[in-house]
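Here's the structure we're looking at; comments come further down.
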Amino acid sequence: MSNTKTKKKLKVAIVALTSCEGEQFVMFDQGEEFLKLTEFLELSEFKLFEEVEAEPRYFDIAFVEGGPLSKEDLERLKEIRGKSKLLIAIGSCAVLGGIPEMKNYVNKDEKIKYVYQYTKHINNVEVKPLREIVKVDYEIPGCPMDGKEFLRIVKAVRKGVFNKIPERPVCFECQTNNYKCLLLDGKPCLGPITKGGCDAVCLYGGYQCEGCRGPLDNVNLENHQKLLLKNISKRHLSHLLELYGIKDDILENQRKEK
Amino acid sequence: MAIQHIQIDHVAKIEGHAGFIADIVKGDVKKAQMQTKVGARLIEGLIVGRHYTEPATITPRICGICPVIHNLTSVKAMEDALGIEVPEEFKVLRKIMLAGQQIQSHALHLFFLSLPDFLHIKNDINLVKSYEKETKKAILLRDFGNRTIEAIGARAVHPISSKVGGFKRLPDKYELKRLLDEAPRALKLAKHLANIFNDLSYPNFTRETEFIALQKEGEYPIYEGDLVTSSGKKFTAREFADEVDEFQNPDELINRVKLDGQTFMVGAISRLNLNHQNLYPEAQKILKESQVQLPTYNSFHNIIAQAVEMVHAVEEIMTLGQVYLNNPAKERKVKYKFKGGDGIAACEAPRGLLVHNYEVGDDEYVKNCRIMTPTAMFLTNLDEDLKQYLGELYEKRSKQREDKVRMLIRAYDPCITCATH
């Protein structure tokens, strides 16, 4: 008997709340590497992959992407939390609030009227990362998350290892890869204050880092903002920090520092 | 039982969340309706007030399966607003990216979402186990599509490098060449997979409807063209956007689209019906072997149409890749002087027509934004199909009937996250 047969597989749920569902496609894009995970994971709940008659009552791990933007999302999040030993938030929406969190910085009542004629029945809640609503055991950031990092983390978590994502800025990988520094070019790059691990893919693509993996824990944000304001307007900086939902995290960090 | 109520809370194996309800009174289907179940992100509203360079970053996040088309349609609409003309080489690169996206999106839908319906497999893990070789092929082909996107856009899910006026980084010649070296193998994979779909037996279902797609002489267009309908109308993107009705049912969270008060179909089946004469030779062969007579009004044939397009897209990469290598871009972006304006673009997403429209003020910020997605366009057509199909399935047992309903929904390949952006 092989080991995989005697050892019980971990029951896993992959759940998408309101989002682009990009994290699921990143998983899928890992191709055979992703399918190989099923040697030790049992995909017990993965709606993109299967139709289940009745959902199991227990999961060892739930991966949740997206944000609870509707009442149904919120109920689902709480239900999944209740059923799962570990809940892992994946992607910027779940970890930071992501693109939809831009709502929090504008008049969302006006915005909903801009998009829809009938609005009374629609929940138009403030957007929050999952950890502000339920207990989250681990977070894999990124918009989208990095597929290789996901595979690495899943394999470690299976063994009960929760390595903290290194507190290294995006600049670390940018320099290792010998990419051109866009900050020196006067571009509003958030690389120095953003948690790396993405292989600086945006810099590879010729684009500045916009902070989708969230700010580093101990970093001087104020200085970096002052630096950026030499080249861009306050409005531009404000929009940049709103894009993936890091503005509130940065304000929170600054409050803690003081 | 005189009144029957059908309720499917969640249709699995589609992008985003949706359910379905129907009421049948004495065999007469009174109501059949798809119900979207995604929260309000309000992307159009969020874009208003943002800088004109941002929709290219924000709109791909509408959808993880077709981010490339949102990225490029927004770029194209913005270039229209600002009066920017881009050189042919840029269009070639964009078309190659879109072909890559069509391969990965179609391969995923065909193999992992729709095929299991024909094999009566509920869980894809069983598909993977029973059809190991084919799974491997589907994965390899998707990978080819993804790497094509990456070669130009730097990343498959949420591309990075394309921007208003061109690119932030031009693709590496050698990387493109490597892709082209691999393309004959990808073509073989695509043909093999397409043949699987030619051999399936499709439900006998037809309902006449209007097909709409881009059309351009000598092309099977994805990136540019006029909008034409199967009844012979022709629009520019602007005329089309003015002509259609976007409407919301009071209890829903989606702006559906109708034309002249009628439902219509967009997507692979529309493109095939309207443009099949411009398919590349190998795709033509697959179409011929399918023995589908065009125009087809059987919505299940959307699956065959996607299979044909998957082959076509590999041929497109082979052709345009060579075109680009013979005449690569000299600069990565065009120089332009900013001037605000109102711009619109229509492209073909894997699931059908996609329209982006932006009005930009002289202060460089977006004043108005309107996005119409393929699923918002065809969802009401799907309701009509389901209504008729349910009537035809009246004699079947309820379990069987529900399976058929799911099968038709998945044949459409709806993307609910796009529909509810």
Any chance region B:102-125 includes a residue that's more than 9 Å from every other protein chain (Cβ to nearest Cβ), buried (at least 24 other Cβ atoms within 10 Å of the Cβ) and closer than 24 Å to B:N327 by Cβ? yes
Out of region A:7-25, which residues are in a loop (DSSP other than H, G, I, E, B) and more than 10 Å from chain B (Cβ to nearest Cβ)? A:K7, A:K8, A:K9
Test B:G153 against the stated conditions and say whether it is more than 9 Å from chain A (Cβ to nearest Cβ) and either among the small types (G, A, S) or more than 18 Å from the chain's Cα centre (by Cα) (or both). no
Wholly within region B:205-323, strands (runs of 3 or more DSSP E) carrying at least 2 residues that are more than 14 Å from every other protein chain (Cβ to nearest Cβ) and closer than 30 Å to B:P184 by Cβ: B:210-215
Cβ-Cβ under 7 Å, sequence separation 6+ or interchain: first residue in region A:35-62 and within 8 Å of chain B (Cβ to nearest Cβ), partner in a loop (DSSP other than H, G, I, E, B) and among the aromatic types (F, W, Y). Which pairs? A:L43/A:F49
Could you list all residues from region A:82-137 that are within 13 Å of another protein chain (Cβ to nearest Cβ), in contact with an Asp or Glu (Cβ under 6 Å, 6 or more places away or on another chain) and under 13 Å from A:T18 (Cβ atoms)? A:G91, A:V127
Residue by residue through region B:118-159, note down the ones that are of a type in the set (G, A, S), closer than 30 Å to A:C202 by Cα and part of a helix (DSSP H, G or I). B:A138, B:G145, B:A151, B:G153
Boolean, A:C174 is in contact with a Phe, Trp or Tyr (Cβ under 9 Å, 6 or more places away or on another chain), at negative phi and assigned to a helix (DSSP H, G or I): yes
Restricting to region A:53-79, give me the number of residues that are outside any loop (DSSP other than H, G, I, E, B) and touching a Cys at 6+ places or on another chain (Cβ under 6 Å). 1
Condition first: over 17 Å from the mean Cα position of the chain (by Cα), crowded, with 19+ Cβ neighbours inside 10 Å and not in a helix (DSSP H, G or I). Now tell me which residues in region A:80-121 satisfy that. A:S84, A:Y116
Can you find even one residue in region A:181-203 that is surrounded by fewer than 19 Cβ atoms within 10 Å (Cβ to Cβ), modelled with pLDDT of 95 or more and β-branched (V, I, T)? no
Which of the residues belonging to region B:133-150 are within 7 Å of chain A (Cβ to nearest Cβ) and of a type outside the set (D, E, K, R)? B:I139, B:N146
Condition first: within 14 Å of chain B (Cβ to nearest Cβ), of a type outside the set (A, V, I, L, M) and more than 22 Å from A:H236 (Cβ to Cβ). Now tell me which residues in region A:179-208 satisfy that. A:Y179, A:C198, A:D199, A:Y204
If we keep only residues of region B:58-75 that are in contact (Cβ under 8 Å) with a residue 40 or more places away in the chain and of a type in the set (V, I, T), then the residue farthest from A:A16 (Cα to Cα) is B:V75
Failed condition for A:E149, given (1) in contact (Cβ under 8 Å) with a residue 40 or more places away in the chain; (2) within 25 Å of A:V26 (Cα to Cα); (3) away from every other protein chain (no Cβ under 14 Å); (4) surrounded by fewer than 19 Cβ atoms within 10 Å (Cβ to Cβ): (3)
Take the residues in region A:64-79 that are within 13 Å of chain B (Cβ to nearest Cβ) and free of Cβ contacts under 8 Å to residues at least 24 places away in the same chain; name whichever of them is surrounded by the most Cβ atoms within 10 Å (Cβ to Cβ). A:E72
Inside region B:324-357, can you point out the residues that are outside any strand (DSSP E or B) and basic (K, R)? B:K330, B:R332, B:K335, B:K337, B:K339, B:R351
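The values are calculated or read from the model by the stated rules, or taken from the named source; none is laboratory data. These numbers were taken from a predicted model, which means no experiment stands behind them. Note: ideal-geometry Cβ built from the backbone for every residue, glycine included; neighbour counts use all protein chains shown.
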